[in-house]
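A short write-up of the structure that comes next.
The values are calculated or read from the model by the stated rules, or taken from the named source; none is laboratory data. Quick caveat: nothing in here was measured; it's all calculated off a predicted structure. Here the Cβ is made from the backbone with ideal geometry for all residues, glycine too, and neighbour counts use every protein chain on show. We work out accessible area using only protein heavy atoms, side chains counted, and drop any ligands, DNA or RNA first. Shrake-Rupley method; radii C 1.70, N 1.55, O 1.52, S 1.80 Å.
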Amino acid sequence: MKFFRLLKYIFLLIILGISIMIILLWNIQEDLPDSNISKYFPNEITKIYDENYDLLYHVGTRDRFYLEYEDIPQDMINAIISAEDRTFFEHQGFDFKGIVNAFVINIKNIFSKKNNNYVGASTITQQLVKNILLNNDQTISRKIKELILSLRIEKSYSKEFILELYLNEIYFGRRSYGIASAANNYFNKSIFDLDIQEFAYLAALPKGPNNYDPNKNYERAFDRRNYVLKQMKENKFISSDIYEYSIKEKIIVSKRNNEKYKLDYKTDFILDNLNKSIKNVNNAFYIQSTINQKIQRIAEKSLLDNLLLFEKKYKNWNGSFSTLKDIQATDYQENWEIAKVLKINTNDVELLLISDESTIFIKNELNYFGPKKEKPTEFLNISDYVFVTNIQGNYILCQQLEINGAVVVMDPFNGNILSMVGGVNYKESKFNRSYQASRQPGSSIKPFIYAQALEDRTYLPNSMILDSNILLEQGPNLPIWIPKNYSDKSYGKMTFRRALESSNNLVTLKIGLDLGLNSVNNFFNKINLYKDNTGNDVHSLLLGAIENNLLDITKSYSIFLNGGYIVEPNIIKKIVSDKGQLISDQKYFSCKYCDFTKEDRSYRKPKINKNQIEVISAQTSYQVLNILEGAVERGTGKSLNSIDYPLAGKTGTTNDSKDLWFFGLTPKFVVGVYVGYDSPKKIGYKETGSSVALPVFKSLMSDYLNDYEISDGEDFFIPDNLILKNIDPDKGIFSNDNESIIEYFTKDQLETLNNLNKVSSIGGIN
């Protein structure tokens, strides 16, 4: 009787237990999230790349690069399966044997009270469910949900798709989500370039990235890596020979650099442009920029080095630091190197480079500072930390700069910004001087006035103009303006070409006045030189007294290289959403009748047009360019003659030398350089664009030509319908003597010359 009563109670308990289980499962099922993982796409971050798709910067804390399954290396798949779930391709979402083993271990831990941690037996599918659909709560309810969802997912999706999501979602440490970013952040390699032992190490990390950091616990990381290799051997993914070789290899991870992809002037400008062109900037985007990183680095160092060389003439030394931490906080080490003073000799100082622990020497005669030319042997002390830079094989002491500047390198044929340097130190000032600083361009405005004079057929390249003093009324109650040349001298009659080559103020004023202020303003509007050119009908406009920024002027100089077309500055080539949708794509050409559908009744011949507006003729464009070549050969840019490469350029100097400029033109790009103080003041005694801004361009071009292979015959493009004549550079007449130069004329210009009685008496053609 007691036996049957016991059976009755047992039966009732079983029924009760089953009922409770059914109710529990029903409630859990009602609370389950959608198991449709095909809708899921791992959150990515906005990434900015250079023109070659090398990463420049990423926005956000999660570093992730999504890879399709077919793109994931098989060795990575084999390693992760060996480490996490060796029966992945066999089970249906859970590993029964693993669960039993984990259950036994957890029961022992509970009763022993020595270990409160649960041992898991989660499959890759279960881990994926936990990461993207659930949470990390250590509860029975969560584990049941995980199991149910895993079974559903395994029934609906392929193993390959599940593994693809897992390998792109899982956290590997070092801000790395997914294997692609992990390979880059741990080994500074592409996932496709890893060795077997590196795949094994990455596969070891999901268990606990911080626990297996070789910098914190090398032995633990080493053992875990080798455990994965052993599992790979047992699963016959690698041979015994490869295993024996791989387990002996050291784990060498790259140094972690949290500022590897930090914000700077160019990436800040890119994000600003993104915000203007995209409505929902909270989404993730892949941005291919126009930046050429090699040219960018050259431009940055050229600006800093040459501003240092300039400033050390006027500024005493104050660049020593007592600790390494203090000097690193200044953020100049992107372009300069940090060194420690080891020994002070009679004529030089011995330093230790921190980067590679090599020894260098700085010479007194190359490192004088200030008006009194103080020597390093006098102002440096043992154990000082200093910045140094290598200029043409010699190390030069560096210190933080007070003067500032900017550099823009642009492709003149499409407006692509290849390099943007907005200042000497982004950490100290985020103000981007390449486009946010409005300054007077001074003499750099002159080529556009000369271009209008040629385009309007008011002057010829060999026209003779009198360089003499003029008096200009400025308006009621204003004094008479008596403009002067920079040298404060007048030089009599000179050719149109010679006036621009030498940047003559008085001749430029006469040409501008002959054209008319209103006409010059209209021409500036036509070439889109100023964003807002209203109310600028003042005489000083002709000498560059109206403010503009470096980017706008550099863009305008492009017309002399591309045949007279306006291009708009552009720093973004392509924008793609994290879902693969093309948001924006830079197009240099438009095509009419290029797209057809089956419903079209007829087909038309495609018409391809440049997406650019011609503002001056190709002939005028080249004539001004050729004169600017003369400015390099004989005029204000003649210090560039040592560079064996086609160059043209124009300096710019404002009153009191507060703003200094140089615009250099090459067959491939146009370079704009600006130098000045953020609070405008005189830069130095008789300093000009030639003495301060031009050297930045010269260093940039010298380093560029050393790094790039230049093709034979690389030169400026000469358009059709130009006729070469030998001209006397002083008299402007045809001449074949040894002093003559080649001048380019259009057919119409030569007809005008032939209709004049005396070539030497040509002035303005009215």
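Summary table below
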item: Rounded FRET efficiency, nearest 0.05, which uses the C-beta distance separating residue 484 from residue 255 and R0 of 60 Å; result: 0.55
item: Overall form of region 203-354 per C-alpha gyration tensor (a/c, 1.5; a/b vs b/c); result: oblate
item: Rounded FRET efficiency, nearest 0.05, which uses the C-beta distance separating residue 742 from residue 585 and R0 of 45 Å; result: 0.60
item: Separation of the residue 313 and residue 540 label points, Cα + 7 Å toward Cβ, nm; result: 2.6 nm
item: Accessible surface, 1.4 Å probe, highest first, among residues 331, 656, 703, 305; result: 656, 703, 331, 305
item: Accessible area of residue 725 in the full protein assembly, 1.4 Å probe (Å², nearest 10); result: 80 Å²
item: Accessible surface of region 449-590 [probe 1.4 Å, protein heavy atoms]: carbon and sulfur percent; result: 50 percent
item: Fraction of accessible area attributable to carbon and sulfur, region 376-437 (%, probe 1.4 Å); result: 43 percent
item: Given 159/248; 489/526; 446/698; 216/325, the pairs whose alpha carbons are separated by over 29 Å; result: 159/248; 489/526
item: Relative contact order of region 632-766, defined on C-alpha pairs under 8 angstrom at six or more residues apart (%); result: 15 percent
item: Extension gain (nm, one decimal) between residue 710 and residue 466, 0.36 nm per residue minus Cα-Cα; result: 83.6 nm
item: Contact order relative to length of region 297-369, as percent, for alpha carbon pairs under 8 angstrom and 6 or more apart; result: 25 percent
item: Region 259-349 - accessible surface per residue (Å², probe 1.4 Å); result: 47 Å²
item: Percent accessible area from carbon and sulfur atoms, region 173-284, protein chains only, probe 1.4 Å; result: 44 percent
item: With all protein chains modelled, accessible area of residue 387 [1.4 Å, Å²]; result: 0 Å²
